[in-house]
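Structure, as structure tokens:
The values are calculated or read from the model by the stated rules, or taken from the named source; none is laboratory data. Keep in mind it's a predicted model, so treat the numbers as computed, not measured. Note: ideal-geometry Cβ built from the backbone for every residue, glycine included; neighbour counts use all protein chains shown.
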Amino acid sequence: MIVFCFVLQTMSALEYPKVILRGDYPDPSIVRDREDYYMTHSPFVYSPGFLIWHSKDLIHWEPICRALIGHIGSAMAPDLVKYNNRYYIYYPAAGTNWVIYADNIHGPWSKPIDLKTPNIDPGHSVGEDGKRYLHTSAGHVVQLADDGLSVIGDVKQIYSGWDYPSDWITEGKFLESPKVVKRGDYFYMTTAEGGTAGPPTSHMVVSARSKSILGPWENSPYNPIIHTYTSDDHWWSKGHGTIIDDVKGNWWIVYHAYENGAYPLGRQTLLQPIKWSDDGWFYALEDAKPIESGDPVKHGMELSDNFKAETLGLQWTTWQNYDARNVILKSNSLYLKSKGAGPKDAQLLLTTATDNSYEIQVELTIGKESIGGLLLFYNEKAFAGVSSDGKTFTVYENADKQSTQPNKLGKHFFIKIINTKNSCNILVSKNKKNWETIHTGLDASEMHHNKYGGFFALRPALMSAGKESVKFNDFKYKPQM
């Protein structure tokens, strides 16, 4: 039986797509730098933004830095590239496109530079003429200056996308996320169509090629390269792909998707092998040999935090712009400066859940005029959890539904939230040994983009409101089987 289970497990390991980053890591952009791979994703309004990941094998990933400290608007759909020994991240926000750059992937990264060019989802390329270009949504392109930090000339439309069957259920065509690579005599443009959420069958990846960076572009006979065909599929709204070769000459496509039944978790990053046909087109494979990683490699990011470090861990972001003065680490404790009156306008420190079921726990000490809490936060219109001013507990079933009950524990206590596939129980304790359940069966299943917009995810969050800082100790995140 043990041998049989091992064989089944091995067979399962060969199946693709393979999740390489669980949790909300949408719009992946990936680059290979010799034998190293780097990847980043959309931060939207979470800050610091653009968490950069490093890998040696495309499977095991570790976070190394955050590239964007402050920004205007919601930053999304980046393109991480390396050109002439400098790294760049191109991204849209606030109705324009921006770029940041660094000479070392670990930073320091520059402040954002406004490229003052329209559309979204920029993708960098170098044409057959040696000039740099920026491709954007709806098939547009504009030339970049030699340093890549400004644009030259007018925006042109050079590609109209692939016409998928009219009876497919999507959000609309929405030609987005152009990513261009050169292979042989051709430039290959990988784009997304169909919308990024909505119906499970909305999203897709399509491909086109051209011998000139400005076209004409010929659509692939294998389109769509990636697509969710029915709501029975395990992965919904598959799309936003980038192709990349590995050090052994194999080719892969990296993209995002929602897990069936797990919308609040956000869009996860997937990997799938591709193969090139004899006439120079690529198509996706669902089975291939597993990647050999050699020695065991660490993977992922530790979400639990005892706050013993001198600087805030990479697992944390704030809601909206980050200000280091609002977060103080001292004597193995985190002091989160207060603002606002409740979850809608409080100071929040958030991390990215990576499991359909998990348990979070933290120790709180409340000041005289402060309110502290532990939340599952989507946005100002969708959140759940509990807070206290030391006198009462306020339980939030959602932004418009809350209830109170006496707090017999005082200003120092522990909170635990157990999220079992979006059904949540909330518990409190004075000593971390005897727990009192103050709410059961809280339904968080509809706290996601399709109802509330924004393309966010339901994130564990520490909350500090009122006039004084709230002290937090020993935050724990634990996956549930």
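Yes/no matrix, rows are residues, columns are (1) of a type in the set (V, I, T); (2) farther than 21 Å from A341 by Cβ:
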{"site": "V395", "(1), (2)": "yes, no"}
{"site": "N398", "(1), (2)": "no, no"}
{"site": "P406", "(1), (2)": "no, no"}
{"site": "H412", "(1), (2)": "no, yes"}
{"site": "T420", "(1), (2)": "yes, yes"}
{"site": "I426", "(1), (2)": "yes, no"}
{"site": "H448", "(1), (2)": "no, yes"}
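Against the list (1) of a type in the set (S, T, Y); (2) under 17 Å from Y88 (Cα atoms); (3) assigned to a loop (DSSP other than H, G, I, E, B), the condition S166 fails is (2).
D114 meets all of the listed conditions (1) among the charged types (D, E, K, R); (2) buried (at least 22 other Cβ atoms within 10 Å of the Cβ); (3) without any contact (Cβ under 8 Å) to a residue 40 or more places away in the chain but one, namely (2). You will find that of K408, K391, K401, K430, the residue that is over 27 Å from the mean Cα position of the chain (by Cα) and under 19 Å from G466 (Cα atoms) is K391 and no other. Of the residues E363, E359, the single one that is over 27 Å from the mean Cα position of the chain (by Cα) and either surrounded by fewer than 22 Cβ atoms within 10 Å (Cβ to Cβ) or charged (D, E, K, R) (or both) is E363.
Looking across V151, V206, one residue alone is surrounded by 14 or more Cβ atoms within 10 Å (Cβ to Cβ), free of Cβ contacts under 8 Å to residues at least 40 places away in the same chain and either closer than 22 Å to D27 by Cβ or assigned by TED's automatic domain parsing to the domain that holds A93 (or both). It is V151. Considering the stretch 156-191 alone, what residues qualify as being surrounded by 15 or more Cβ atoms within 10 Å (Cβ to Cβ) and over 27 Å from D278 (Cβ atoms)? Passing the criteria: I158, W168, T170, E171, K173, F174, L175, E176, S177. Considering the stretch 440-465 alone, what residues qualify as being surrounded by fewer than 22 Cβ atoms within 10 Å (Cβ to Cβ) and either part of a loop (DSSP other than H, G, I, E, B) or on the phi > 0 side of the Ramachandran plot (or both)? Hits for the stretch 440-465 are G441, S445, E446, G453, G454, F455. The set of residues from the stretch 227-255 being crowded, with 20+ Cβ neighbours inside 10 Å, in contact with an Asp or Glu (Cβ under 7 Å, 6 or more places away or on another chain) and farther than 16 Å from L285 by Cα comprises just one member, H240. Every residue in the stretch 312-350 that is in a loop (DSSP other than H, G, I, E, B) and at pLDDT below 95, please. The answer is Q320, N321, Y322, D323. Among the residues of the stretch 278-301, are any outside the structural domain of T230 (by TED's automatic domain parsing), under 30 Å from G49 (Cβ atoms), at pLDDT 95 or above and surrounded by fewer than 20 Cβ atoms within 10 Å (Cβ to Cβ)? The answer is yes, given that some residue of the stretch 278-301 is outside the structural domain of T230 (by TED's automatic domain parsing), under 30 Å from G49 (Cβ atoms), at pLDDT 95 or above and surrounded by fewer than 20 Cβ atoms within 10 Å (Cβ to Cβ). Could you say which residue among Y188, Y222, Y229 is part of a strand (DSSP E or B) and among the aromatic types (F, W, Y)? Exactly one residue qualifies, and that residue is Y188. Have a look at Y87, Y83 and point out the one that is closer than 18 Å to R132 by Cα, of a type in the set (S, T, Y) and buried (at least 18 other Cβ atoms within 10 Å of the Cβ). Only one candidate qualifies: Y87. The test for being touching a helix residue (DSSP H, G or I) at 6+ places or on another chain (Cβ under 8 Å) and of a type outside the set (A, V, I, L, M, F, W, C) holds for G198. Whether a residue is closer than 20 Å to H449 by Cβ, touching a residue at least 60 places away in the same chain (Cβ under 8 Å), among the polar types (S, T, N, Q) and assigned to a loop (DSSP other than H, G, I, E, B) was assessed, and T196 passes this test. Are any of the residues in the stretch 214-226 closer than 30 Å to R459 by Cα and touching a residue at least 12 places away in the same chain (Cβ under 8 Å)? For the stretch 214-226, residues closer than 30 Å to R459 by Cα and touching a residue at least 12 places away in the same chain (Cβ under 8 Å): present. Among the candidates K416, K337, K411, the residue that is surrounded by fewer than 19 Cβ atoms within 10 Å (Cβ to Cβ), basic (K, R) and over 19 Å from P48 (Cα atoms) is uniquely K411. For the stretch 436-481, the set of residues classified as in contact (Cβ under 8 Å) with a residue 60 or more places away in the chain and hydroxyl-bearing (S, T, Y) consists of S445, Y452, S464, S469, Y477, listed by residue number. Per the conditions (1) surrounded by 18 or more Cβ atoms within 10 Å (Cβ to Cβ); (2) more than 27 Å from the chain's Cα centre (by Cα); (3) not in a strand (DSSP E or B), the sole criterion not satisfied by A353 is (2).
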